[in-house]
Amino acid sequence: MSALLKKSWKDLSRRKARTIFTIITVALGVMGIGLFAITPLADGAVQAELNAEKMHNIGVRVTDVPLTAEQLAELASLDNIDRMSPQAELLVTIEIGGRRERALLVGIPDYADQAVDVVRVTSGEVPQGMQVVTDQGNEANGVITLAEGDDITVQDPAHATHQLLVTGVGKNFIHGAATRNGVAVFYTSIDAIEQISGRTGFTNLSFTVKDTDPAAMAGTVEVIRDYLVANTSVVAFDNLADVREEGFWEGREIFSQIMSYMGILALMILFVSLFLIANTMNTIVSEQTREIAMMKAIGATRATVFRSFLTTSALIGFIGAGIGAGLGILVAFLVERTLMKQSFGFDAPFGVEWPTVGISLAVGVGVVVLASLPAIFRTLRVSVVDGLESHGISADYGHTLLDRALMRVRGLPRVVQMGVRNAARRKGRSVSTILQVAFAVAVVIAMLNGGDAFVYMTHSAYDPWTWDLRATVADDSSNPMAIETAARVEGLEGVMSAERVYRTVAKVNDRAVSLSGYVQATQALAYDTTLLEKGQGRWWTPEEAAAAIPVVVIGEALSRFEDIGLGDTIELMTATGAHPFEVIGIDTAFPENGLYAYAPLEAVQAVLQKGDAVNGFFIRTASSQPDTIDATSRRVSDALEGLGYQADVTVKYVVAGQAVAQNQGLAGMFLMMSFIVVLIVLIGLMSTLVMNILDRTKEIGMLRCIGARSRDVRLVFSSEGLFLALLGWILGLPLGYIVNQVYVAAMAIGMKLTMPDRYALVYVGLSLVFTLVGALIVISFPLRRATSMKPGDAIRYE
Amino acid sequence: MALIQLRELRKTYKTGKLEFEALRGVDLDIEEGQLVAIVGPSGSGKSTMLNMITGIDRPSGGSVTIAGDRIDQMKEDTLAAWRGANVGIVFQFFQLFPTLTALENVMLPMDFLRRGSVAERRQRARESLELVGLGDKVEHLPSELSGGQQQRVAIARALVNQPKVLIGDEPTGNLDSRTEAAMFELFDELNKQGKTVIYVTHSPALAAKARHRVEMIDGQLVQA
């Protein structure tokens, strides 16, 4: 090892605490880059699951088609088909917690011989006859928790009940996805499906193909259709065939978008750590002014000095990036595993995304060297004479306006004044510390407000809805739901009122919006605070309703996205074509992410040519007790089905609770990331104080010489630390507003989420408390060093 | 009893595996009102002995008694307060606090002892600065003063709590010969007013002016 390399290495070990802090900071910064590995890791884990389940390339849905063994074999040997498997699905209802919820039964002909879309039994016994295994997503997503040996009672479409024994737990990526929407999923035998439904045959035919080229797969779909039409009762598929591109899985896009935002936060963390690294290098250079001068005095060229310090920073970079990359691997795996477990219910295996590790190392070293360059260039300017003559406490204060301004701060104890003025001595260091604190305050304020916005969004989505149940029936022109049905529903026990509604999906400038036809005197929507109090227009009049005038109240998000103002006329594209509606109100309530349009029921019925038919009811129950609401939902469901309607009853408190939980989880994740920023900044603040204390060791000795007690020394440095933290907090307030705006904009662009931009005063106060308490805690460590110094050692300190 | 009594004073510095004996059993008495110069070559233990007298360093053995107080047995904070009240120290490199004006630098030892009201402290600091001839520089920062002026501020600061002992560790080491002479005149004047003055110096001229000389070599007294 050359003497120069040895010096670079030893420079790091001279101030061990500071070196460790800097390395930790670099490591945390680099660790953040590891988060970029989550998406590819998750993708790999899901692909592995899909491969294990032999996920279909083509899935077709048919209505109860009986297929013989020969026909199945023929289907499996069609052109381009690699393997095929049939399954039979049956939608039933199941009682969960007193409510009647939808449940999906999937019948598998032979669990030991599944070629495609394999259902894996992970514990317990393979179901036979009237037995089921419960999908692991049922418990993971809070739908229903069952143990081996439990019974479930399901009701078939003809309202007959059937009891099934739970023999274990199973999983399947495709079917299990339904549990995330609150549908209970069970795997059973074909016999059970036939016994419960009273029908025979398959509903799902799944194929893997040899050539996955989209054109080839489209051709294969036709071949399958032709075979089925020619050889079975099938005349057409029930739905469009599910043709999956190679590598596609549901949720992949939204998952990678969420991870992108995590990535932005990770870059912020790296950015913050830059300040600290620059500070450290500056201090190393400052401390070694005499040594640099001495090196030059004995013949070192500027290039030699440059190399020496570059090596020091590169060493910090290598060590920090190495540790950070390791931590990144671990954190990425833990986050990915948690998300996979929560989202898809399986334990992702440990994996390393090597390209991300490589990038982490390169960026880590590069960033450290880059941040060090200004300090290193400063070494080149150190003159031999000035460097060698640097002794004692430097008397270089008072030359700038800021110095003078701080001297005018009166009314504080002398030691506090010293602390405040000291903050202006190393201006570069203080500015970067203030910026770090400001940035952390900004990120935390933005994230807290963002989290609030999520919760507010959820409340905004559900609070203005004053209904308890929403019954929706499938549109059936042979059996339109007319006014009399409302009276029938209203007559049910537990129902206080049932209000007619027609809900459909329309498009405004290609943007899908929910279009609801409300009765004029609606009791289902509290628009008085979200529309009328905000002064953004009006509700329609009884006259407009009676005359079916096409007027509309739209959500604020829709108004902003499409630049629609009050009095504008918008084209609502519906199943019957485009219809002009005049915008008479802009509602700030947040259902459907603000992408909705409310119009008079009569106008909606008119444009959709529905006469006086509706497709649903908003129901207010007599009691707000969950049990009573659940019981009422069951009665409504039974009554509508008794009238021949296929009804879906939404329970508001259940969907609202699920939405709140989902949003809180997401907000929590972002908040966790912001705390890493805070952690780095606290380390940064501590590091600044450590460096200031090292810089001023002689001063501490001198203070002790003239009678300063420990508390006096403590006051000098804690005032300085708190002053810097306070300035950072002040700067962080407007910065927080800007970061929040960027966050809201990013959510709007990337995730089509129109978040309200909130800036709650309570967080301003809270962030002040956090800043001061955090600062006090972290500066207490370096203060211990300052007060424990012996005056003699401090005075001799070089 | 002598104002300052050093008995069997020893100090050993340990650096890694190396041990250096800076003081090897020093016995010294300094009476109240003396003007003492401590001389000797570099590394002879002059500054170390001074540090023992001021209590800014602890002995490895022996005792330091000043005005009847065993300062080597005091706790750090008690010692700091004792030092503020009883000893004024002047260093070679002035060691003024750069963010404080001359007046504030001089007020600081009184602030630490919480002596009198703020107005009284200000008045006494002014008087102290006037005593050293800097009555017109009270609002100046150290960066706006010459080396000699900074050293005078340091002396004013050392005197402001009216300590029994004024101690200088090469107080003129960073000054030109004219300023050095002026500085000694100040020390001499203070001594004539009854203050005990002790200083370490490498300057033969300054050493010759002292009424008592203590010479040290290799951590031991040669002449006292």
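The values are calculated or read from the model by the stated rules, or taken from the named source; none is laboratory data. It should be emphasised that the depicted structure is a prediction, and the values quoted were computed from it without experimental measurement. Using ideal geometry, Cβ is built from the backbone for each residue, glycine included, and neighbour counts are taken over all protein chains shown. Only protein heavy atoms, including side chains, enter the accessible area calculation; ligands, DNA and RNA are left aside. Shrake-Rupley method; radii C 1.70, N 1.55, O 1.52, S 1.80 Å.
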Exercise. Restricting to the stretch A:679-696, what's the tally of residues that are within 14 Å of chain B (Cβ to nearest Cβ) and of a type outside the set (S, T, N, Q)?
Worked result: 2
For this session: Evaluate the following for residue A:675: is it part of a helix (DSSP H, G or I) and either open to solvent by less than 30 Å² (accessible area, probe 1.4 Å) or under 30 Å from residue A:541 (Cα atoms) (or both)?
Result: no
Exercise. Restricting attention to the stretch A:595-630, and to residues there that are at pLDDT below 90 and of a type in the set (Gly, Ala, Ser), which single residue is surrounded by the most Cβ atoms within 10 Å (Cβ to Cβ)?
Worked result: A:613
Exercise. Can you tell me which residues in the stretch B:175-202 are open to solvent by 20 Å² or more (accessible area, probe 1.4 Å) and under 21 Å from residue B:51 (Cβ atoms)?
Worked result: B:195, B:202
Problem set entry | Only listed residue being open to solvent by less than 50 Å² (accessible area, probe 1.4 Å) and within 28 Å of residue B:30 (Cα to Cα), chosen from B:90, B:138 | B:90
For this session: Name the strands (runs of 3 or more DSSP E) wholly inside the stretch A:455-518 in which the number of residues that are under 30 Å from residue A:669 (Cβ atoms) and small (Gly, Ala, Ser) is 2 or more.
Result: A:511-518
Exercise. Which of the residues spanning the stretch A:596-622 are in contact with a Ser or Thr (Cβ under 7 Å, 6 or more places away or on another chain) and farther than 16 Å from residue A:523 by Cβ?
Worked result: A:596, A:607, A:608, A:609, A:615
For this session: Could you list all residues from the stretch A:697-719 that are open to solvent by 10 Å² or more (accessible area, probe 1.4 Å) and within 13 Å of chain B (Cβ to nearest Cβ)?
Result: A:698, A:699, A:706, A:709, A:710, A:711, A:714, A:715, A:719
Seminar exercise, completed: Listed by first then second residue, the pairs whose first member lies in the stretch A:526-540 and is touching a residue at least 12 places away in the same chain (Cβ under 8 Å), whose partner is part of a helix (DSSP H, G or I) and exposed (fewer than 14 other Cβ atoms within 10 Å of the Cβ), with beta carbons under 8 Å and at least 6 positions apart or on separate chains, are none
For this session: Determine if the stretch A:430-451 includes at least one residue that is more than 14 Å from chain B (Cβ to nearest Cβ), modelled with pLDDT of 80 or more, closer than 30 Å to residue A:742 by Cα and in contact with a Lys or Arg (Cβ under 8 Å, 6 or more places away or on another chain).
Result: yes
For this session: May I ask you to verify whether residue A:728 is outside any helix (DSSP H, G or I) and either away from chain B (no Cβ under 11 Å) or crowded, with 20+ Cβ neighbours inside 10 Å (or both)?
Result: no
Exercise. Can you tell me how many residues in the stretch B:47-68 are more than 14 Å from chain A (Cβ to nearest Cβ) and modelled with pLDDT under 90?
Worked result: 2
For this session: Using the structure shown, decide if residue B:33 is part of a strand (DSSP E or B), more than 14 Å from every other protein chain (Cβ to nearest Cβ), of a type outside the set (Ser, Thr, Tyr) and farther than 30 Å from residue A:402 by Cα.
Result: no
Problem set entry | Residues of the stretch B:121-177 satisfying the condition of being part of a helix (DSSP H, G or I) and among the acidic types (Asp, Glu) | B:127, B:130, B:144
Exercise. In the stretch B:33-55, which residue that is hydroxyl-bearing (Ser, Thr, Tyr) and within 11 Å of the chain's Cα centre (by Cα) is surrounded by the fewest Cβ atoms within 10 Å (Cβ to Cβ)?
Worked result: B:47
Exercise. How many residues does the stretch B:75-119 hold that are facing chain A (nearest Cβ under 7 Å), in a loop (DSSP other than H, G, I, E, B) and in contact with an Asp or Glu (Cβ under 7 Å, 6 or more places away or on another chain)?
Worked result: 2
Exercise. Which condition number does residue A:665 fail, the rest of (1) open to solvent by less than 10 Å² (accessible area, probe 1.4 Å); (2) within 40 Å of the chain's Cα centre (by Cα); (3) not hydrophobic (A, V, I, L, M, F, W, C) being met?
Worked result: (1)
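Applying the selection to the stretch B:120-135, what residues are within 14 Å of chain A (Cβ to nearest Cβ) and open to solvent by 50 Å² or more (accessible area, probe 1.4 Å)?
B:122
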Exercise. Which of the residues belonging to the stretch A:305-336 are open to solvent by 30 Å² or more (accessible area, probe 1.4 Å) and modelled with pLDDT under 85?
Worked result: A:306, A:307, A:310, A:311
